[in-house]
1. Of everything in region 99-130 that's in contact with a Lys or Arg (Cβ under 7 Å, 6 or more places away or on another chain) and of a type in the set (Asp, Glu), which residue is nearest to Val11 (Cα to Cα)?
2. Looking at region 60-75 only, could you name the residues that are out of contact with any Lys or Arg (no Cβ under 8 Å at 6 or more places or on another chain) and crowded, with 22+ Cβ neighbours inside 10 Å?
3. Return a yes/no flag: does region 293-304 have any residue that is in contact (Cβ under 8 Å) with a residue 24 or more places away in the chain, buried (at least 16 other Cβ atoms within 10 Å of the Cβ) and assigned by TED's automatic domain parsing to the domain that holds Tyr196.
4. Can you give me the ranges of the helices (runs of 4 or more DSSP H) entirely in region 231-328 with at least 1 residues that are closer than 28 Å to Asp434 by Cβ and either of a type in the set (Asp, Glu) or in contact with a Cys (Cβ under 7 Å, 6 or more places away or on another chain) (or both)?
5. Determine which member of the set Thr240, Thr266, Thr283 is at pLDDT below 95, in the same structural domain as Ser391 (by TED's automatic domain parsing) and surrounded by 18 or more Cβ atoms within 10 Å (Cβ to Cβ).
6. Here's a check for you: in region 329-366, which residue that is surrounded by fewer than 21 Cβ atoms within 10 Å (Cβ to Cβ) and polar (S, T, N, Q) is nearest to Asp434 (Cα to Cα)?
Amino acid sequence: MSAPLSNIGLVGLAVMGQNLALNIASKGFSISVFNRSHDKTVATVARAKEEKVQGELRGFEKIEDFVQSLAKPRAVIILVQAGKPVDAVISQLSGIMEEGDLIIDGGNEWYTNTERRAEELKAKKLLYMGMGVSGGEEGARHGPSLMPGGPKEAYERVKPILQKIAAQVDSGPCVTWIGEGGAGNYVKMIHNGIEYGDMQLIAETYDVLKSVGGLTNEELAATFLEWNKGELDSFLIEITARIFTKKDEKGYIVDYILDKTGQKGTGRWTVKEAAEHGVPCPTVSAALDARNLSSMLEERLAANKILHGPPVAEGKVDKEKLIKDVRAALYAAKICSYAQGMNLIRTAGKENNWNLQLGEIARIWKGGCIIRAKFLDRIKSAYDRSGDLASLLVDPEFAAEMNDRQASLRSVVTLAIARGVSMGAFSASLAYYDTYRRDRLPANLTQAQRDYFGAHTYERTDKKGVFHTEWATDA
């Protein structure tokens with residue numbers, strides 16, 4: 001008697017793939033798994049038995065047997081390194097799979113690669129989806145935020161599985177069909193860009209509280225713990241509070257971690273896309289710059305010996321006032337950062353005819369993902385009130401909060417600059433806010449310069465038309 005066929009398959013059993021496979025099995029679905037290195041397949045099967053998952057998880061050494069073990073029409077999730085490894089797996093699978101079968105790439109892939117692959121597989125009568133998966137190892141195992149894009153019919157086919165394995169919040173599972181083509185990968189990319197901004201804002205918060213306010217690790221932990229009870233309630237604030245309490249034999253671990261930040265590219269992609277679409281995302285750009293500067297460790301150590309900051313300020317800082325101001329400033333800067341990211345999603349959605357639902361995107365970020373936060377409810381409400389909102393900054397509720405907190409944002413940035421503490425992401429958020437709110441900018445001078453050296457022309461405020469001036473000649 002032949003073995004029953006599995007509901008779904010998964011290729012790629014590194015940390016994310018293994019945990020997602022176990023998540024699927026733990027929700028009662030049968031799943032077949034395959035990995036190029038068979039020892040990881042064996043380890044995954046053993047772990048499934050150890051954890052006593054509800055559904056059956058079967059491992060295969062040959063990819064042909066793996067494919068044949070799946071119920072038709074087949075669906076296979078691939079979780080391997082982006083780029084050529086994805087193409088290699090697709091090449092293997094597409095040679096075995098049959099008309100109507102579905103391949104889902106769950107990695108962080110450049111969205112145009114997804115669209116290219118979808119067209120190539122369409123010619124073979126196979127369906128293809130790009131699906132963002134956020135939440136890291138823990139999210140993959142117990143409930144990630146899922147951002148699937150591609151054919152709506154393909155999503156509907158796997159929707160019952162995706163809804164079960166996604167993070168569950170008060171408004172439902174953290175998954176929705178994002179849109180056609182590479183929409184899912186695109187939204188995940190911008191999610192990661194926003195994540196860069198969030199993390200850098202928190203790092204700068206830590207820096208100013210420690211370097212200027214003199215807070216100890218115990219005080220920092222208590223401060224972040226308190227903040228997590230209010231408007232700043234989020235996964236990143238929560239884990240930051242925990243980080244400050246962790247010790248080993250040397251002391252607090254955070255104090256011994258090398259100040260050199262890594263990255264995997266999605267933040268850089270976000271900044272590139274912002275430039276391509278002409279959408280300002282200065283907070284994400286500042287976060288990317290901070291990571292790049294941190295990697296220049298040897299140069300920074302050398303510069304530290306010859307470059308000077310401001311004179312040491314006299315007098316103590318009012319610690320309680322600083323904590324209060326930084327809390328308000330962090331929330332204001334965070335609003336600016338999310339406004340930038342959502343505007344980039346909105347613009348790309350329009351240009352690609354994806355018909356993106358920004359409120360629903362904010363909703364599925366409420367659980368499972370790295371940027372999950374209480375105030376995403378507020379973002380969803382803002383887009384529910386106005387689906388084509390020009391910016392979160394002009395939503396009545398967020399506008400009122402920015403007006404209330406902008407003084408604290410200015411105070412914190414000014415204090416940090418005076419003390420020689422760099423706050424690139426905070427400063428970028430403040431500059432974005434101040435530029436966006438002004439009715440007259442110095443861009444008139446920039447246009448005059450462009451016209452002077454390149455005859456690029458300009459428009460006028462007093463009459464319609466396009467004009468050019470011979471600036472080098474006498475009037």
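The values are calculated or read from the model by the stated rules, or taken from the named source; none is laboratory data. Computed from a prediction, not measured in an experiment: that's the story for all the values here. As a convention, Cβ positions derive from the backbone with ideal geometry for all residues, glycine included, and neighbour counts pool all protein chains shown.
1. In this case the residue turns out to be Asp101.
2. Phe66, Arg74, listed by residue number.
3. Filtering region 293-304 down to residues in contact (Cβ under 8 Å) with a residue 24 or more places away in the chain leaves 294-295, 297.
Then drop every residue that is not buried (at least 16 other Cβ atoms within 10 Å of the Cβ), which leaves 294.
After this cut, where a residue has to be assigned by TED's automatic domain parsing to the domain that holds Tyr196 as well, the list is 294.
Yes, region 293-304 contains at least one residue that is in contact (Cβ under 8 Å) with a residue 24 or more places away in the chain, buried (at least 16 other Cβ atoms within 10 Å of the Cβ) and assigned by TED's automatic domain parsing to the domain that holds Tyr196.
4. On the way: elements: 235-243, 266-277, 282-294, 297-304.
Where helices (runs of 4 or more DSSP H) fall fully within region 231-328 and carry at least 1 residues being closer than 28 Å to Asp434 by Cβ and either of a type in the set (Asp, Glu) or in contact with a Cys (Cβ under 7 Å, 6 or more places away or on another chain) (or both), they are 266-277, 282-294.
5. Thr266
6. The residue in question is Thr347.
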